[in-house]
Each structure stands twice: as structure tokens, then as C-alpha cells.
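Presented below is the structure to which this report refers.
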Amino acid sequence: MSFGTLYTHNPNPRSFGIITVAKTLGVELDIVYIDRNKEEDQKTLQKLNPLNQVPVFVGSDGFVLTECVVIALYITSQHPETTLLGSTRKDYHTILKWLSLANSDLLPAIGGIILPLLGLPLAVRKNTQDCLCALHADFKLLEAHLQDNKYLVGDEVTLADFFTAGTMVFGVMVFHAMLREKYPRVMEWFLGVHGMPLFKDVVGELKYLNVPVPALEEDGESLQALVDASPPSQSP
């Protein structure tokens, strides 16, 4: 019996980790892809979430959840013995830290650079240089943390890895050369997560794109200073 239905777009970086966790734990989900161009689909989404945002989870008991981080935690918590939420309270809250960073900072920065290249509208972060600054700062943080850690939280894969890697998929496709040059440990970690069969089954094969992307302006001293000043991560 299905545990519930996940309404999302195809593809949607905020849903990759959720679907991967559900598959990993054997939590059966029905996936409904909302078509942005179909009025009927948009009416369905607005009824479920007046903000018209995906993903939305509707349980088989009628319980409705919006916001991807909350949905990810709820789905993962359905397996009482799972290690995907860590083994201690410190692990759990460190996982939550990475989910928050990926959702509220890293993904908007990636989208703020990539979406204009596709001619798609932006809801937040419309300044490309601001997005580039945030992107480099986040990757620098991840690079420092992963120097001494196999995964984001401890030595076993957790929800933090699936969710964060999910938000990075399209960023890796576009920024792969930059990642290999400047943030090799981040790239190594990402490829390790992507290579896990269930995650790869959800997100598909990586397609490295050779497209012109904006660079951090040489005279953007204040922006570069923010990147350089990003503090190194501390292991939990």
C-alpha cells in the first residue's frame, strides 16, 4: 500500500533526495508530476499548496505537508531503525544544517546562474554576481568539510548526502570543469553519491554540458572577499 503521493515537477532538484530516501527505505510513494503548462495541473497544485510550490506530500491518510526539508525528514523518519538520520541527536541536527544550507542557499545560487541561461524566470537572487559569490562560498565550505569527512555527517551516507547532492545535479552538469579544478573533493563526494544505484536511478545519468557560464568579475573585490572569508567547516 502506498504511503502517500508526492507532487513535484519533472525534474525537480528538491525532490531527488526525497524520492531516493523513499526507495532506499522501501517507503512506497506515488509520484505525480505537475505540468507547469497545464491549467488543470496548476489548479491541483494550488489547491494543495496556495503558494504553488513543489514538492507537496499528501499521505494516504490525507495528511498534507509542504516544504521539501520537512517532507524529506518525515519520509525518512518512517523507518525507525534507519541510519539515514544519524545515530545521535548531534548527527540529526547536523543533517538538518546541511539540508537547510542546500535548500536555502546552494540551490538558489545554482538556479540564479543557470536559469537565466535557459531564459527562465527567477523568483529570488536575480543578481548573477551575488549568485556566483554564494556558489563559491558554499562550495568552499563543502570542500573544507569533506577534506576530513567521507560523507557530510560521519562515515555513512545520510539524508544530508542524498538531499544536498540532489540539489547539485544540474549545477554539476554545468560547473563540472570548475568543480574539478577548484573543489575536487566536492566533485569526488558528489560522484560517489551519484554512483549509488538508487540515487542514480532517480536522477539519471550525468550529462556534462559545455556552455558558457559567467565568472566572478575580476574587479568584484568585495564579492571575492566574501568568498575568501568563508570559514572552514567543523566536523560534528
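The values are calculated or read from the model by the stated rules, or taken from the named source; none is laboratory data. Not measured: the values here are computed from a predicted model. Note: ideal-geometry Cβ built from the backbone for every residue, glycine included; neighbour counts use all protein chains shown.
In segment 98-109, what residues are touching a residue at least 12 places away in the same chain (Cβ under 8 Å) and either farther than 13 Å from residue 162 by Cα or among the hydroxyl-bearing types (Ser, Thr, Tyr) (or both)?
100, 101, 105, 106, 107, 108, 109
Could you pull out every one of the strands (runs of 3 or more DSSP E) wholly within segment 1-114 that has 2 or more residues that are among the hydroxyl-bearing types (Ser, Thr, Tyr)?
Qualifying strands (runs of 3 or more DSSP E): 4-8.
Within the group 132, 141, 122, 117, which residue is modelled with pLDDT of 90 or more, closer than 22 Å to residue 211 by Cα, in contact with a helix residue (DSSP H, G or I) (Cβ under 9 Å, 6 or more places away or on another chain) and assigned by TED's automatic domain parsing to the domain that holds residue 187?
Step by step, each of 132, 141, 122, 117 is checked, and only 132 is modelled with pLDDT of 90 or more, closer than 22 Å to residue 211 by Cα, in contact with a helix residue (DSSP H, G or I) (Cβ under 9 Å, 6 or more places away or on another chain) and assigned by TED's automatic domain parsing to the domain that holds residue 187.
Give the residues of segment 63-87 that are β-branched (Val, Ile, Thr) and either in the same structural domain as residue 15 (by TED's automatic domain parsing) or surrounded by 20 or more Cβ atoms within 10 Å (Cβ to Cβ) (or both), sorted by residue number.
64, 66, 69, 70, 71, 75, 76
In segment 8-57, how many residues are crowded, with 20+ Cβ neighbours inside 10 Å and either in the same structural domain as residue 190 (by TED's automatic domain parsing) or among the basic types (Lys, Arg) (or both)?
1
Given the conditions (1) within 29 Å of residue 193 (Cα to Cα); (2) in contact with a Gly (Cβ under 9 Å, 6 or more places away or on another chain), report the number of the one that residue 6 does not fulfil.
(2)
State yes or no: is residue 74 in contact (Cβ under 8 Å) with a residue 12 or more places away in the chain, out of contact with any Lys or Arg (no Cβ under 9 Å at 6 or more places or on another chain) and closer than 19 Å to residue 157 by Cα?
yes
Please specify each residue of segment 146-159 satisfying the condition of being part of a loop (DSSP other than H, G, I, E, B) and at negative phi.
Correct list: 148, 149, 150, 151, 152, 153, 155, 156, 157, 158.
Working carefully through the options 207, 200, find the one that is assigned by TED's automatic domain parsing to the domain that holds residue 115 and part of a helix (DSSP H, G or I).
Answer to the check: 200.
Any residue in segment 127-145 that is over 20 Å from residue 173 (Cα atoms), without any contact (Cβ under 8 Å) to a residue 12 or more places away in the chain and in a loop (DSSP other than H, G, I, E, B)?
No, segment 127-145 contains no residue that is over 20 Å from residue 173 (Cα atoms), without any contact (Cβ under 8 Å) to a residue 12 or more places away in the chain and in a loop (DSSP other than H, G, I, E, B).
So residue 100 passes all but one of these: (1) at pLDDT below 95; (2) assigned by TED's automatic domain parsing to the domain that holds residue 193; (3) farther than 20 Å from residue 202 by Cβ. Which condition number does it fail?
If we test residue 100 against (1) at pLDDT below 95; (2) assigned by TED's automatic domain parsing to the domain that holds residue 193; (3) farther than 20 Å from residue 202 by Cβ, just (1) comes out false.
Within segment 176-184, can one find any residue that is over 13 Å from the mean Cα position of the chain (by Cα), assigned to a loop (DSSP other than H, G, I, E, B) and more than 22 Å from residue 12 (Cβ to Cβ)?
yes
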